Amino acid sequence: MQSELTLNTDANAQNTRALKDLIIVGGGTAGWMTAAALSRCLPQGLRIRLVESDQISTIGVGEATIPSIRAFNQLLNLDEDEFIRQTQATFKLGIEFVNWGKPGDSYIHGFGQIGRDQVVAKFYQYWLKMYQAGKAPDLEAFSINTVAPRHAKFMRPPKDMPNSPLSDISYAFHFDAGLYARYLRGIAERQGVLRTEGRIVEVQTNAQNGHITALRMESDDLISADFFIDCSGLSGLLIEKTLQTGYEDWSHYLPADSAIAVPCTSSETLLPYTRSTAHQAGWQWRIPLQHRTGNGHVFCSKFMSADEAQAILMRNLDGEALAEPRLIRFTTGKRKRAWNKNCVAIGLSGGFMEPLESTSIHMIQTAIMRLLSLFPDRGFSQVDIDTYNAQNDEEYQRIRDFLIMHYKLNQHPDSAFWRYCREMEVPKEVQHRIDLYRSHGRIFRLGEELFAEASWLQVMHGQGLRANGYHPLVDQRSEEDIAYFLSQVEKTIQKCVDVMPTHAEFIAATCAAEKVDFGVMPQSPRYGT
């Protein structure tokens, strides 16, 4: 009896510490992703309110994502075809980088795996041996996620072909960020999230512990809560302007500090990949949606004026511009603490990583999942907060290093910007990866970092970094055996791509306004044993 009473007392004490009110400041992609996920996963007794102003625009442009977005959509129990229709989305198999190594170069960083790894060594080590001997084609030939986009082909991976290259298809999406936020808003509100429209004129804090206590609105209404999530964008209304958390500036490694964005009419061919094209002092993105194409020019203002950057962007559009170009200023880096006191920053309020590898929405997603795993009560345990911040810092740093690699390995001969990037000192972890690959083509993933070995390989090789050797264990197989193995993988992938529908055909048949039946798929080739 005493034991049961003790358990009940502990449960009651825990319940009294539970958060009662949570406020999300800011809408957009970050705010409504957070609202939709928390309202689905957290107890119904927690009141969730999102505060946003229709007078304050969000950065939201056409967004490119990585495959992890599918897990987030599944968490929300979204129907994928309906999500695609609601957001004018298209599919994405990877990113094409044009002129990033040296002018005229082009390579695709594709999702998913490359070839078929063997027991003794990774697939790419066998490829390295033959490539260095001039007896194998380039790396792109050995992944369906890089061959298919070159032919504008796409389909979802079939569930009944585990030994076919088609089962290796890994995809993400391009979508209209504004439409995605609107779509998630509807879901969140149906799950009980309250929306308050209006401008915040004052953020009130507790004089003793510095915690945020309430928001005063322009209407003079006062909205209080136990816990606040800052999704206010680059301004960081709560995390910075109120709590003065501080910012870690990484612009010495990633010097681009501006972007000009503009949508345009679509081109005739609907490509299943994002394109990044290097220019004189930065790069241009191209994101194809069903109803338009998203474009932007990321550049460094120390090496190029905004007028010049805009002129370059407008000259390189696929079609007619659909809006006035919009200038965005930023500083690459992160808050010194993403979680400070009773406030967590999610999205651009927590930091900015340029969209070179489409990580922005992924970082919103991981921040939400990290918060769920360490969700607080009103005691706000410092060890939980410190753990959140340590994991957040590690994620930012590893993604930063991957982006730095793109810039460091450029071979542009006559550009002051690219020369600066090529000659700059980089973090020791980045230099170690370069040296390790250059030695024997070795790549090791650090902890739970986002990008896998295949991603580092594609970028390093695509940018022109060459290994001087290969793993000696691949010599256990003869050159003839390895050559046959590589040729079978290459031929099987190409046969699979030949029977795939085009990207446009697949969308028309599955997730466009009107479905078109393009028939039964032919039998897919499979990898040999």
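The values are calculated or read from the model by the stated rules, or taken from the named source; none is laboratory data. Quantities reported herein were computed from a predicted structural model and do not represent experimental measurements. Reconstructed Cβ throughout: ideal geometry from the backbone, glycine too, with neighbour counts over all protein chains shown.
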Contacts under 6 angstrom Cβ, first residue in segment 373-398 being farther than 15 Å from residue 227 by Cβ, partner among the aromatic types (Phe, Trp, Tyr), 6 or more apart: 389/339
Qualifying residue in segment 486-493 (condition: crowded, with 18+ Cβ neighbours inside 10 Å, modelled with pLDDT of 95 or more, touching a strand residue (DSSP E or B) at 6+ places or on another chain (Cβ under 7 Å) and under 28 Å from residue 288 (Cα atoms)): no
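Every residue, every condition in (1) free of Cβ contacts under 8 Å to residues at least 60 places away in the same chain; (2) surrounded by fewer than 19 Cβ atoms within 10 Å (Cβ to Cβ), yes or no:
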residue	(1), (2)
250	no, no
258	no, no
286	yes, no
294	no, no
319	yes, yes
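Go over the candidates 195, 216, 185 one by one and state the one that is in contact (Cβ under 8 Å) with a residue 40 or more places away in the chain, closer than 22 Å to residue 53 by Cβ and not in a helix (DSSP H, G or I).
On the way: 216 fails: in contact (Cβ under 8 Å) with a residue 40 or more places away in the chain; 185 fails: not in a helix (DSSP H, G or I).
Just a single option satisfies the conditions, and that option is 195.
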Residues of segment 146-157 satisfying the condition of being assigned to a loop (DSSP other than H, G, I, E, B) and either at pLDDT below 95 or aliphatic (A, V, I, L, M) (or both): 152, 155
In segment 103-124, the residues that are β-branched (Val, Ile, Thr) and surrounded by fewer than 20 Cβ atoms within 10 Å (Cβ to Cβ): 119, 120
Out of 239, 200, 223, 169, sole residue that is among the β-branched types (Val, Ile, Thr) and not assigned by TED's automatic domain parsing to the domain that holds residue 376: 169
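Listed residues 179, 194; which is surrounded by fewer than 16 Cβ atoms within 10 Å (Cβ to Cβ), over 24 Å from residue 498 (Cβ atoms) and among the hydrophobic types (A, V, I, L, M, F, W, C)? Working first, answer last.
Numbers: 179 fails: surrounded by fewer than 16 Cβ atoms within 10 Å (Cβ to Cβ).
Exactly one of 179, 194 is surrounded by fewer than 16 Cβ atoms within 10 Å (Cβ to Cβ), over 24 Å from residue 498 (Cβ atoms) and among the hydrophobic types (A, V, I, L, M, F, W, C), namely 194.
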Residue list for segment 333-357, restricted to those being modelled with pLDDT of 95 or more and more than 18 Å from residue 389 (Cα to Cα): 356, 357
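Restricting to segment 494-515, and then to whatever is without any contact (Cβ under 8 Å) to a residue 12 or more places away in the chain and charged (D, E, K, R), can you tell me which residue is surrounded by the fewest Cβ atoms within 10 Å (Cβ to Cβ)?
Applying the first criterion (without any contact (Cβ under 8 Å) to a residue 12 or more places away in the chain) to segment 494-515 yields 498, 508-509, 514-515.
With charged (D, E, K, R) added as a condition, the list becomes 498, 514-515.
On the way: 498: 13, 514: 6, 515: 11.
Per the stated criteria, the residue is 514.
Kindly indicate whether any position in segment 62-83 is on the phi > 0 side of the Ramachandran plot and surrounded by fewer than 20 Cβ atoms within 10 Å (Cβ to Cβ). Before you say what the answer is, go through the steps one by one.
Initial filter on segment 62-83 (on the phi > 0 side of the Ramachandran plot): 77.
Now narrow it down to the ones that are surrounded by fewer than 20 Cβ atoms within 10 Å (Cβ to Cβ): 77.
Checked against the condition, which is being on the phi > 0 side of the Ramachandran plot and surrounded by fewer than 20 Cβ atoms within 10 Å (Cβ to Cβ), segment 62-83 yields at least one hit.
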Pick from segment 131-159, criterion closer than 15 Å to residue 458 by Cα and of a type in the set (Gly, Ala, Ser), ranking: surrounded by the fewest Cβ atoms within 10 Å (Cβ to Cβ): 141
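Tell me the residue from 397, 391, 365, 382 that is modelled with pLDDT of 95 or more and over 13 Å from residue 450 (Cβ atoms), please. Let's see the steps before the verdict.
Numbers: 397 fails: over 13 Å from residue 450 (Cβ atoms); 391 fails: over 13 Å from residue 450 (Cβ atoms); 365 fails: over 13 Å from residue 450 (Cβ atoms).
Being modelled with pLDDT of 95 or more and over 13 Å from residue 450 (Cβ atoms) holds for just one of 397, 391, 365, 382, which is 382.
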Scan of segment 364-414 for residues that are within 25 Å of residue 31 (Cβ to Cβ), of a type in the set (Lys, Arg) and buried (at least 17 other Cβ atoms within 10 Å of the Cβ), ordered by number: 370, 400
Any chance residue 422 is crowded, with 17+ Cβ neighbours inside 10 Å, of a type outside the set (A, V, I, L, M, F, W, C) and either outside the structural domain of residue 276 (by TED's automatic domain parsing) or over 30 Å from residue 371 (Cα atoms) (or both): no
Any pair with Cβ under 7 angstrom, 6 or more apart, that starts in segment 357-369 at a residue that is over 21 Å from residue 273 (Cα atoms) and in the same structural domain as residue 33 (by TED's automatic domain parsing) and ends at one that is assigned to a helix (DSSP H, G or I) and of a type in the set (Gly, Ala, Ser): 364/30; 364/347; 368/37
Qualifying residue in segment 307-321 (condition: part of a strand (DSSP E or B) and within 20 Å of the chain's Cα centre (by Cα)): no
